[in-house]
Amino acid sequence: MTGVFDHPWLSGLFADAEIAALWSAEAQLSHMIAFEAAWSRHGHQAGLWTETNGALAAAAIDGVTLAPEELRDGTAQDGVCVPALVRLLKQRTGAKAIHQGATSQDVIDTATVLSLVRSLDLIDQRLVQLVSDLEALEDCFGTTPLMGRTRMQAAMPISVADRVQTWRLPLVSHQERMAQLRPRVALVQIGGAAGDRAALGDGAEAVCIAVAADLGLSATPQSWHAMRDGMAEAASLLSLVTGTLGKMGQDICLMAQQGIDEITIAGGGGSSAMPHKQNPVQAELLVTLARYNAVQLSGMHHAMIHEQERSGAAWSLEWMLLPQMVQATGRALVLASEVTSQVTSLGTPDLLS
């Protein structure tokens, strides 16, 4: 059974191909191999091997091609894919200057961060686009009267701009949050066996800085193996974004009701039983995706609870939740821009006449 993001037909609603590619098995494997190459390239700074042997190993690793399926059996046995990955890299390169002093969590967390950072960059670009789309909507319809509603009952007349700003302004705040979050998550993971970098000795800082720079990340003064607040904060921001879009979607659904008729959207979804209907499918999906991320966020907060220096249970929970939350967020932003561009009327022009 497949999930909705890669289901043969449900993916038509939920999938985001660009985000999915950033979290694919191939992308994750490429990130892990990049970490191992960087580790071999710079491990000499901690005396793990000579600079020459490390450079030769890194070059050989860069040339290795692996299929994700080759890690399946090893993952089933070891609970993580890295032991199998390291064995295969050593077999295929003949090099020995590989992985010593690192641990599986260093490799997997860094690969996750690389996918996450690229995803956040794409989400930020889409936030910029959607803010622009909503500004255009305000420019077009902003002065048109609209009935303000409190507790779903008619209250006092407002303008379309008043309603649209409740969709747009939080997105601007989310852009600010994104900028603040990035340096807290764009971090290399280096801790070694027990998270204390003991195997690196006095060269720990130098290796961390060099490997981080190689991968386009920042170094940290210590590992964050059991400190998962960065991952949880990223998930929280994803849920905030989809929550804002869910509010927008809910408003649009209510405004599109027959008898209310405060918005008209071109190209609504059809009904098999009632051909006259145009269902606000995109707006409904914004609500669905917001609720989905809100539910997953609880799991990401549970995943903060690591016992001692590393948790298998809490750590692997992140693998089940975070990629799907990212894809839900990316998809919601695409849908929001699409539905915004399809608005042909908004407001009640004769409300005050």
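The values are calculated or read from the model by the stated rules, or taken from the named source; none is laboratory data. Note that the structure is predicted; figures quoted are calculated from it, not measured. Here the Cβ positions follow ideal geometry from the backbone for every residue, glycine too, while neighbour counts run over all protein chains shown. Each accessible area value is taken on the protein alone, full model and side chains, heavy atoms only, with ligands, DNA and RNA left out. Shrake-Rupley method; radii C 1.70, N 1.55, O 1.52, S 1.80 Å.
Can you give the alpha-carbon Rg of region 204-353 over 2.2 N^0.38 Å, where N counts its residues?
It is 1.47.
Along its three principal axes, how long is region 274-353 when you only count alpha carbons? Whole Å, largest extent first please.
Principal-axis extents of region 274-353 (Cα, largest first): 68, 32, 21 Å.
At 1.4 Å probe radius, can you tell me the per residue accessible area of the chain in Å²?
47 Å²
To the nearest µm²/s, what D does Stokes-Einstein give for region 17-84 at 10 °C and 1.306 mPa s, using the Kirkwood radius over alpha carbon pairs as Rh?
For the chosen part, D equals 120 µm²/s.
Could you tell me what percent of the DSSP beta bridges with both partners in the chain are antiparallel, to the nearest 5?
If we restrict to bridges inside the chain, about 90 percent are antiparallel.
Using only Cα atoms, tell me the angle between helix 229-255 and the longest principal axis of the chain; keep it within 0 to 90° and round to the nearest 10.
Once rounded, the angle reads 20 degrees.
Net charge around E233, counting only other residues with Cβ within less than 10 Å of its Cβ (Lys, Arg = +1; Asp, Glu = -1)?
+2
Count the net charge of all other residues whose Cβ sits under 15 Å from the Cβ of T93, scoring Lys and Arg as +1 and Asp and Glu as -1.
My count for the surroundings of T93 gives +2.
Could you work out the local net charge near E318, counting Lys and Arg as +1, Asp and Glu as -1, over the other residues with Cβ closer than 12 Å to its Cβ?
The answer is 0.
I'd like the carbon and sulfur percentage of the solvent accessible area for the chain, probe radius 1.4 Å, heavy atoms only, ligands and nucleic acids excluded.
Looking at the chain in its full context, I get 55 percent from C and S.
Check which residues have an amide H placed less than 5 Å from G148's amide H, if you skip close sequence neighbours.
Under 5 Å from the amide H of G148: A155, M156, I158.
Which whole-number percentage describes the relative contact order of the chain, with Cα contacts under 8 Å and a sequence gap of 6 or more?
With pairs under 8 Å counted, the relative contact order is 20 percent.
Given q = 0.07, 0.12, 0.15 Å⁻¹, what are the Debye log10 I(q)/I(0) values for the chain, with equal point scatterers placed on the Cα positions and solvent ignored?
Treating every Cα as an identical point scatterer, log10 I(q)/I(0) equals -0.39, -0.88, -1.19.
Starting from one equal scatterer on each C-alpha and no solvent at all, send me the Debye-based log10 I(q)/I(0) for region 1-160 at q = 0.08, 0.09, 0.12, 0.13 Å⁻¹, two decimals.
Log-scaled intensity ratios, in q order: -0.43, -0.50, -0.69, -0.76.
Roughly how many Å is it from the Cα centre of region 200-244 to that of region 54-94, as a whole number?
When both Cα centres are located, 23 Å separates them.
Kindly rank 9-17, 205-213, 149-157, 110-118 from highest to lowest mean number of other beta carbons found within 10 Å of each residue.
Those peptides, ordered most packed to least, come out 110-118, 205-213, 9-17, 149-157.
Starting with the highest mean, order 34-46, 230-242 by the number of other Cβ atoms within 10 Å, averaged over the residues of each peptide.
34-46, 230-242
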